[in-house]
1. What does the extension gain come out to for residue 223 and residue 246, with contour length at 0.36 nm per residue minus their alpha carbon separation?
2. Taking the Cα centre of the chain as origin, work out the dipole magnitude from +1 charges on Lys and Arg Cβ and -1 charges on Asp and Glu Cβ, in debye rounded to 20.
3. Between region 86-130 and region 304-369, what is the separation of their alpha carbon centroids in Å?
4. Compute all pairwise cysteine Cβ distances in the chain, then list the cysteines with no distance under 4.7 Å to another cysteine.
5. Determine the distance separating the Cα centre of region 405-437 from the Cα centre of region 212-231; give it in Å without decimals.
6. Contour minus end-to-end for residue 257 and residue 408, with contour as 0.36 nm per residue of separation and end-to-end as the Cα-Cα distance?
7. How high is the FRET efficiency between residue 89 and residue 152 when r is their beta carbon distance and R₀ equals 25 Å, given to the nearest 0.05?
8. How high is the FRET efficiency from residue 386 to residue 125, r the C-beta distance, R0 22 Å, rounded to 0.05?
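Rule-based calculations on the coordinates, nothing more; no lab input. Not measured: the values here are computed from a predicted model. Positions of Cβ are generated from backbone atoms using ideal geometry, with glycine treated the same way; all protein chains shown enter the neighbour counts.
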Amino acid sequence: MNLPKILEAKERTSKRVAILYDDYNNEGLSNFGRGKKYLILTYGCQMNEHDSEYISGIMEDIGYQKTDDMDDANVIIVNTCAIRENAHNKAEGMLGRIKHLKETKSDIIVIFCGCMAQEEKLVNKVKDYKWIDIICGTHNYHKIPEYLMERLNSDRVCEVYSIEGNVIENIPVKRDSKYTAWVNIQYGCDKFCTYCIVPYTRGKQRSRKSEDIVLEVRELYNNGYQEVTLLGQNVNAYGKDFDNGYDFADLLGEVSQTGIPRIRFVTSHPWDFTDKMIEVISKCDNIMPYIHLPIQSGSDRILKLMGRKYTTEEYLEIVRKLREKIPNVSITTDIIVGFPGESNEDFEKTLDVVNKVKYDLAYTFIFSPREGTPASKMEDTTSLEEKKERLAKLNELINKYAFEANKKMENKVYNVLILGKSDKDNKYMGYTENMKLVNVSCSEEYVGKIIPVKITGVKTWSLDGEVNE
Ligand code: SAM
Ligand code: SF4
């Protein structure tokens, strides 16, 4: 049994990251799950969704088949998120449901993994829950086949490592889409923003080799994929852990050369945003004009307390350059309200920035104290009621600008990659280059294709359109 330890999770050394090409091993297990089914429940960000695609790949590699029906599953995998309290609560609620199910179906195997499994206090609690069979963390889910074997001879397997981490290549993957794909370019984070749990749950920042990334994108393109999203906690810090000067702008240029029609990337940190990146994005037609650039707060005082290492002035300068060099660029952000010590005046400064940038969209959150982070120990005198009021006020402003940005697109024609059936009427849904969701009146034959669409209707969160023939 290996349990997570927060003190070890925050350690950073100069130890070199190993790139491991044969650490995943299904030897002798390819029929292990034959005739059995697995169900995977995913909470949290794109990184977790993509991890779940790998976990699905692993389960199918050892013979299991996917099911969406909990009553039909032989293995239930809960891939958890630790970023905020409500993500915690959702996963804990699900564990309660699974506990009941296990009372009547005791042979189900339950795997608890992801970011919550990296939390010391939580794992010390759940490791004794009898209905959880396997606990593993973000560094070792590729070992699930071994743990399933081990479980045959033991009550419980709990293997969580609070390490800086390596890069594990060649894990089988089962992608959810045939047209768009996530591609990890980097893992972990060394920024240690004072509110954030990620550097503790996902280890140090480590970049994949550019050759491996480019090869993956090339293969996806050869297999009919139209779009890749390069993934990382700080994509634009890519390469900072190399010693050859190769950076994210260089990688973008190389990925663009593969010819894949659409390239996106999330998430960029303002601290690492360079002019060289803006130059490459503006020159390459297949790099999409969509930048997610979290600001978190519009108050320099709060940004400092958050450890974000940029000022609002510097942030606004990046936005100015993006708008100058990339026509049609849409800019989205993340904002936290109610950070400890945030005064009304600080909050008004956040509204000021929103009024200046006029975001296309923003993901807004109330500060959630995370065990072990510096911000969780800061004095917080603002009431939850006040925080909720700030959030509502912020969302109202964000929605106003989201609608205005969409309104500008009305009656114009945009290229849309159609991804599948929409849940609206009989329509199909897809995304414009600048990442606007469009519900299009068209037929099945357009799925997986990039087609010109005329925008006929505008809402706050989506657009309506028809094929422009
Ligand atoms: N790496 C990205 C960055 O630096 O912007 C963000 C990663 S995090 C998965 C997504 C968002 O969750 C953050 O941008 C932040 O707004 C929010 N977040 C992180 N920790 C939080 C906390 N303790 N309380 C509330 N929101 C939080
Ligand atoms: Fe968390 Fe900050 Fe790292 Fe983003 S940059 S993952 S917010 S610590």
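1. On the way: separation 23, 0.36 × 23 = 8.28 nm, distance 2.80 nm.
So the chain would gain 5.5 nm between residue 223 and residue 246.
2. Working: 65 positive and 73 negative charges, 97 e Å.
Dipole size: approximately 460 debye.
3. The distance from the Cα centre of region 86-130 to that of region 304-369 comes to 36 Å.
4. Isolated Cys, the chain: 45, 81, 113, 115, 136, 158, 189, 284, 442.
5. Measuring centre to centre over Cα atoms gives 23 Å.
6. Working: separation 151, 0.36 × 151 = 54.36 nm, distance 3.17 nm.
That pair, residue 257 and residue 408, stretches by 51.2 nm at full extension.
7. Numbers: r = 33 Å, r/R0 = 1.31.
So the FRET efficiency works out to roughly 0.15.
8. On the way: r = 31 Å, r/R0 = 1.42.
Taking R0 as 22 Å, the efficiency between residue 386 and residue 125 is 0.10.
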